[in-house]
Amino acid sequence: MRNFVRNALAVGVAIAGLAVPASATHSWGGYHWARTSNPFTLKLGDNVDGSWDSYLVTTSADWTASAVLNTVIVPGTVKQARRCGATTGRVEVCNAAYGNTGWLGIASISIVSGNHISSGTVKQNDTYFNTAQYNSPTWRNMVMCQEVGHTLGLDHQDEAFDNANLNTCMDYTNNPSSNQHPNQHDYDMLATIYNHADSTTTLGQTVNRFGRQSTGLVSGESGLTMKTWGRPVHFTRDGRPDKFVRIDGPGMLTVTHVFWVPGKGPRDNRVSE
């Protein structure tokens, strides 16, 4: 167990420490869904309300343009959008007014068998998206696209908000006008991540969940604050922790990507569970 955790954290730190210009790899720690062939189909559980439905549809179509995977929107199984519980074999997508947390969106994935994704959750924070600054198609498209992209195994192509846009949703920016969808490098990266076949699959399983851990969360489920996300393994250029690893049990991790509101961060994160 100690070796598993040590190796997983080492991989996360090593990947996180790399610069990620458009010409470099932007795999998220080598994490991927186990499957026996390509293209595979990943279910996106629709737990969002009408203000987000069209953006989820756009994001699903965008990632389905990949040659190695398809996404399909299915009814969500989440009973409380605020919690956005994980379901094995799929990704649950939620929105709610999560509070002045300092973040726009969160993507969490459960990791089993070293680097296989077994479930994922995405949260969009309406506390910010209901404000004039972020209540726009450009911001909603970008954050939805990016958070779902993380659950496929992708990291960012660039993490400086004031750099020129790379025309991909996997790029931090202060102006998402041209960063609303994946670009060819994202599709190429997915082809690299999924260029092998696994002997088993973590896709399309039932709604059975892993047992609850000491955090009160199931594997693959993130809370609203850093205290539920585990150990930070990567920091933005301005010092904000944005990737976390939490140990959920023997051979099980939850890994979380946090999209902080530009200019905000942990000091603004005062929501309590």
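The values are calculated or read from the model by the stated rules, or taken from the named source; none is laboratory data. Please read all numbers here as calculations on a predicted model, not as lab measurements. We place every Cβ from the backbone using ideal geometry, glycine too, and count neighbours over all the protein chains shown. SASA here: full protein model, heavy atoms, side chains in, ligands and nucleic acids out. Shrake-Rupley method; radii C 1.70, N 1.55, O 1.52, S 1.80 Å.
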**Report entry** Amide H within-cut-off set for Glu92, under 5 Å, with H built and near neighbours excluded
**Finding:** Gly45, Thr87, Gly120, Thr121, Val122
Query raised in the report: Per-residue accessible area for Tyr134 at 1.4 Å probe radius, Å² rounded to 10?
Result: 10
Query raised in the report: Cys94 accessible area, nearest 10 Å², 1.4 Å probe?
Result: 0
Query raised in the report: Roughly how many nanometres apart are two label points built 7 Å out from the Cα toward the Cβ at Asp49 and Asn175?
Result: 3.2
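Based on the alpha-carbon gyration tensor of segment 75-184 and its eigenvalue square roots a ≥ b ≥ c, which shape applies: rounded if a/c is under 1.5, prolate if not and a/b is larger than b/c, or oblate?
Details: a/c = 2.22, a/b = 1.24, b/c = 1.79.
The shape class here is oblate.
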Query - Gln133-Val74 pseudo-label distance in nm [points 7 Å out on the Cα-to-Cβ vector] - result: 3.8
Requested in this report: Would you kindly derive the ³J(HN,Hα) couplings of segment 128-143 from the backbone phi angles with the Karplus curve 6.51 cos²θ - 1.76 cosθ + 1.60 (θ = phi - 60°), listing them in order in whole Hz, with x for Gly and Pro?
Outcome: 9, 5, 8, 9, 4, 5, 10, 7, 9, x, 5, 5, 5, 4, 5, 5
**Report entry** Listed residues Asn179, Ser110, Thr168: farthest to the positive end of the dipole of segment 90-202 (Cβ charges)
**Finding:** Ser110
